[in-house]
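Worksheet: one structure, shown below.
Derivation of every value follows stated rules applied to the coordinates shown; laboratory data play no part. Nothing here was measured: the structure is a model prediction, and the numbers come from that model. So basically every Cβ, Gly included, is an ideal-geometry build from the backbone, and we count neighbours across all protein chains shown.
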Amino acid sequence: MTEPTEPASLVQRAKSMGVELDAEAAASLLAYLDAMLQLNEHINLTAVRDREQAVVLHALDGVAFGLCGLRPHHVLDLGTGNGFPGVAVSVLFPHATVVLLDRTGKKVRAVGSCLVAAKLAGIETVQLDAAQAPALHPEMRHAFDLVTARAVGKPEVIAELAAPLVRPRGHLALWLDADAAAPAKLGSFRRERLLGYDLPEPAPRRRQIALYERGR
């Protein structure tokens, strides 16, 4: 039987993907993941029930952002769902402010409870439809140097939602399957690079992050 992933082993698994993750960040990430999986027994936050598969498909998939070479300061995780990849970006860059946005209230409340359980600070949860954010919260307009999205919708739709929220020369990061299309241009965004990576056992698969920069 495989030993449960602990912080030290998560650090090593991230390193094998090319991502530097310190032990404190790994512990925080696993604490959040475990809280999320526990709450998932009552509220549907993920279809992944096995803890070790969740380590791969949520935690390691999220920290793959470390391959992008960016150091974000103000991050919005659009359609956050269960909190990933936003929480992973937050533990990679603890000095960044991170907003986890979702239109489903029960998910936002659940994520907030998991953040408290994991003692993660510097992360804000907001219940809001991203399409309404610029009008209802003008302070969000062009406020973020990074918007992240995973399993939210088609790249074209996400880019349209993100454009009013990303500052000029800011970035949009899309988590995609290896064979998914990543157009060279998405509205005001131009693709900067594609970052492919392999997730390990027990849920091996090829993935990619499409990184876009917003024009002036």
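Worth pointing out:
- Derived scalar couplings ³J(HN,Hα) [region 121-128; Karplus, 6.51 cos²θ - 1.76 cosθ + 1.60; whole Hz; x for Gly, Pro]: 9, x, 10, 10, 10, 9, 8, 5
- Whole-Hz ³J(HN,Hα) from phi, Karplus 6.51 cos²θ - 1.76 cosθ + 1.60, for region 91-100, glycine and proline x: 6, 5, 10, x, 8, 7, 8, 10, 10, 9
- Kirkwood Rh (inverse of mean 1/r, distinct Cα pairs), the chain, angstrom: 17.1 Å
- When the charge dipole of region 97-186 is built from unit charges on Cβ atoms (+1 for Lys and Arg, -1 for Asp and Glu) and taken about the Cα centre, the candidate among VAL157, ALA130, GLY112 whose Cα reaches farthest toward its positive end is GLY112.
- When each of LYS106/LYS154; LYS119/LYS154; LYS119/LYS185 is checked by Cα-Cα distance, pairs over 30 Å: LYS119/LYS154; LYS119/LYS185
- Whether region 95-164 is rounded, prolate or oblate, judged on the alpha carbon gyration tensor where a/c under 1.5 counts as rounded: prolate
- Shape of region 103-210, Cα gyration tensor, a/c cut at 1.5: oblate
- Computed magnitude of the charge dipole of the chain (debye, nearest 20; Cβ of K, R +1, Cβ of D, E -1): 720 debye
- J(HN,Hα) series, region 15-32, from Karplus relation 6.51 cos²θ - 1.76 cosθ + 1.60, nearest Hz, glycine and proline x: 4, 5, 8, x, 10, 8, 9, 7, 5, 5, 5, 4, 5, 5, 5, 5, 5, 5
- Working ranking of peptides 77-90, 27-40 by packing, defined as the average number of other Cβ atoms within 10 Å per residue, highest first, is 77-90, 27-40.
- For region 5-112: rounded, prolate or oblate by the Cα gyration tensor [a/c cutoff 1.5]: oblate
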